[in-house]
Amino acid sequence: MPKDFELSGPAFVSLFVRNVAAAADFHEKTLGFRRDPEDFLPLAVAFQSLPIPFAVRQAPEGVDFDTVPRPIRAPSIWFKTANSQIVHNSLVAAGVTILKPPSDGRFGRQFTFVDPDGYAITIYDRDAPPN
């Protein structure tokens, strides 16, 4: 590696989607993300998620979501919350498909759901192992 070569890790993540408006509504109204005030429509909607901003983007021409096996598990997408059980209960009430029910693991209470475009997204509530 060159002497000044340095990467700090992911700094922005975006998901290709079928319909930007529908995906943005799901991530805003069902998951509670705040939209970035900068307007990227009609190609994308960004969210002010921390520590890494994320967006939904119109899939490029030629991407056929009907040929992608469901659920979409790669890349692995995880969102952190203070209480994953509350999020789980809210998503169940909203009719969202739960792939893996809540369980306790290395990352606290965690579960996996499927978003409207078929992405398997895990919600978790702890970064470090318990003391």
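The values are calculated or read from the model by the stated rules, or taken from the named source; none is laboratory data. Nothing here was measured: the structure is a model prediction, and the numbers come from that model. Cβ sites come from the backbone with ideal geometry, for glycine too, and all protein chains shown count toward neighbours. The protein model used for the area step is the full one, side chains on, heavy atoms only, and it has no ligands, DNA or RNA in it. Shrake-Rupley method; radii C 1.70, N 1.55, O 1.52, S 1.80 Å.
At a glance:
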| quantity | calculated |
| --- | --- |
| Relative contact order of the chain, defined on C-alpha pairs under 8 angstrom at six or more residues apart (%) | 21 |
| Accessible area in square angstrom per residue, the stretch 37-92, 1.4 angstrom probe | 67 |
| Proximal charge balance of Phe107 [Cβ under 9 Å; K/R count +1, D/E count -1] | +2 |
| Kirkwood hydrodynamic radius of the stretch 71-131, Cα pairs, Å | 11.7 |
| Percent accessible area from carbon and sulfur atoms, the stretch 5-95, protein chains only, probe 1.4 Å | 57 |
| Förster-model FRET efficiency, 22 Å R0, Ile86 and Ala22, C-beta, rounded to 0.05 | 0.35 |
| Contour minus Cα-Cα distance for Ser103 and Arg70 (0.36 nm per residue) | 9.7 nm |
| Largest-first ordering by accessible area, 1.4 Å probe, given options Ser8, Ser103, Ser76 | Ser8, Ser76, Ser103 |
| Beta bridge orientation in the stretch 1-98: antiparallel %, DSSP, nearest 5 | 50 |
| Gap separating the Cα centres of the stretch 63-124 and the stretch 1-45, nearest whole Å | 17 |
| Computed magnitude of the charge dipole of the chain (debye, nearest 20; Cβ of K, R +1, Cβ of D, E -1) | 480 |
| Equivalent ellipsoid, the chain (semi-axes from 5 times Cα gyration tensor eigenvalues, Å) | 24, 22, 16 |
